[in-house]
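I have placed the structure first, in the form of structure tokens, so that the comments after it can refer back to it.
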Amino acid sequence: MTSSDRDLLLADYAYFIGSAVYALLPGRTQIEVRGSDRATFLHGMCTNDVKNLTPGKGREAFFTNVQGKTIGHAYLFAGEDAITIDTTPEQAAVLIPALDRYIIREQAELFDRTAERSVLVVAGATARDLLRHLLGSEPPTERLDHRAATVAERKVDVRRVDYVSGDCYFVVCDVSDADQVQAAFAVAGAQRIGDDAVETARIEHGTPLFGRDITPANLPQELNRDPLAISFNKGCYLGQETVA
């Protein structure tokens with residue numbers, strides 16, 4: 001890292017500490033699971049309780065193989081007619097075939113929406129105030145709660161996450177609306193920050209990324225996410241014997 005790169009990182013981090021910032025998370029995987037059996041199917045394929053998810057709520061979970069090794073780590077967001085698997089880039093090519101092979105009679109279908117959607121991370125000391133101003137109402141406050149809203153007359157899904165410390169949100173929109181949504185954040189006073197600052201804040205907060213901090217060699221328990229991502233009383237799921 002050059003001195004100018006370091007200066008830029010420190011400046012971006014100062015904005016994060018003192019105000020509101022936003023950044024694109026390029027290529028973040030978005031898999032939509034539809035069908036009447038979507039919740040019970042996913043419940044049997046991951047480490048957390050999905051069967052009891054209601055619209056507007058979310059879960060963090062690991063996906064494992066039959067040996068209990070980790071093949072994915074994701075947020076799951078329940079909507080009225082779909083559950084979205086939100087995870088790191090390039091995971092649709094892994095997770096969709098791994099899940100699809102177990103759909104036999106279940107009414108469940110998997111759709112890769114990654115290329116259709118842009119994901120922005122919005123965070124910082126005044127992020128909640130900024131979103132309240134742009135949405136005209138209070139943004140979600142509980143971890144992994146989410147709701148539909150509009151920013152600059154564009155439809156978005158606002159997701160309360162803990163990707164970095166403090167108030168942090170994913171704002172998801174159609175790819176074609178991303179420029180207008182980002183412009184609205186800039187006009188409202190948010191500072192766009194670089195990838196290095198986002199990565200620094202993520203690591204500082206301890207949020208793991210599959211493919212970077214997690215590999216298929218890891219068991220879910222090795223990531224110290226048990227209270228957040230593993231239910232030990234939900235019943236059977238793929239790889240449950242090893243995890244339990």
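Some notes on this structure:
- Residues that are surrounded by fewer than 16 Cβ atoms within 10 Å (Cβ to Cβ) and part of a loop (DSSP other than H, G, I, E, B) within the range 4-36 comprise Pro26, Gly27, Ser36, listed in sequence order.
- When the range 142-164 is filtered for residues that are open to solvent by 70 Å² or more (accessible area, probe 1.4 Å) and either among the hydroxyl-bearing types (Ser, Thr, Tyr) or in contact with a Leu (Cβ under 7 Å, 6 or more places away or on another chain) (or both), only Thr150 remains.
- Pairs meeting the criteria (first residue in the range 1-12 and within 15 Å of Arg192 (Cα to Cα) and in contact (Cβ under 8 Å) with a residue 12 or more places away in the chain, second residue surrounded by 11 or more Cβ atoms within 10 Å (Cβ to Cβ) and not small (Gly, Ala, Ser), beta carbons under 6 Å, at least 6 apart or on different chains) are Leu9/Asp196; Asp12/Ile193.
- Residue check for Val121: more than 14 Å from Thr84 (Cβ to Cβ) and buried (at least 16 other Cβ atoms within 10 Å of the Cβ): yes
- Residue identified as among the charged types (D, E, K, R) and in contact with a Phe, Trp or Tyr (Cβ under 6 Å, 6 or more places away or on another chain) among Asp86, Asp81, Asp100, Asp112: Asp86
- Elements of type helices (runs of 4 or more DSSP H) contained in the range 193-244, each with 3 or more residues being touching a strand residue (DSSP E or B) at 6+ places or on another chain (Cβ under 8 Å) and either farther than 22 Å from Ile85 by Cα or open to solvent by less than 30 Å² (accessible area, probe 1.4 Å) (or both): 195-205
- Note on the range 46-73: residues that are among the aliphatic types (A, V, I, L, M), over 12 Å from Ile230 (Cα atoms) and in contact (Cβ under 8 Å) with a residue 60 or more places away in the chain total 2.
- Which numbered condition Asn65 misses (of (1) polar (S, T, N, Q); (2) touching a helix residue (DSSP H, G or I) at 6+ places or on another chain (Cβ under 8 Å); (3) open to solvent by less than 20 Å² (accessible area, probe 1.4 Å)): (3)
Residue-wise test of (1) in a strand (DSSP E or B); (2) under 14 Å from Phe170 (Cβ atoms).
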| site | (1), (2) |
| --- | --- |
| Ala74 | yes, yes |
| Ile85 | yes, yes |
| Leu95 | no, no |
| Ala98 | no, no |
| Ile103 | no, no |
| Glu106 | no, no |
| Phe111 | yes, no |
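The values are calculated or read from the model by the stated rules, or taken from the named source; none is laboratory data. Remember, it's a predicted structure, so these values are computed and weren't measured experimentally. Reconstructed Cβ throughout: ideal geometry from the backbone, glycine too, with neighbour counts over all protein chains shown. Keep in mind that these areas ignore ligands, DNA and RNA; they rest on the heavy atoms of the full protein, side chains included. Shrake-Rupley method; radii C 1.70, N 1.55, O 1.52, S 1.80 Å.
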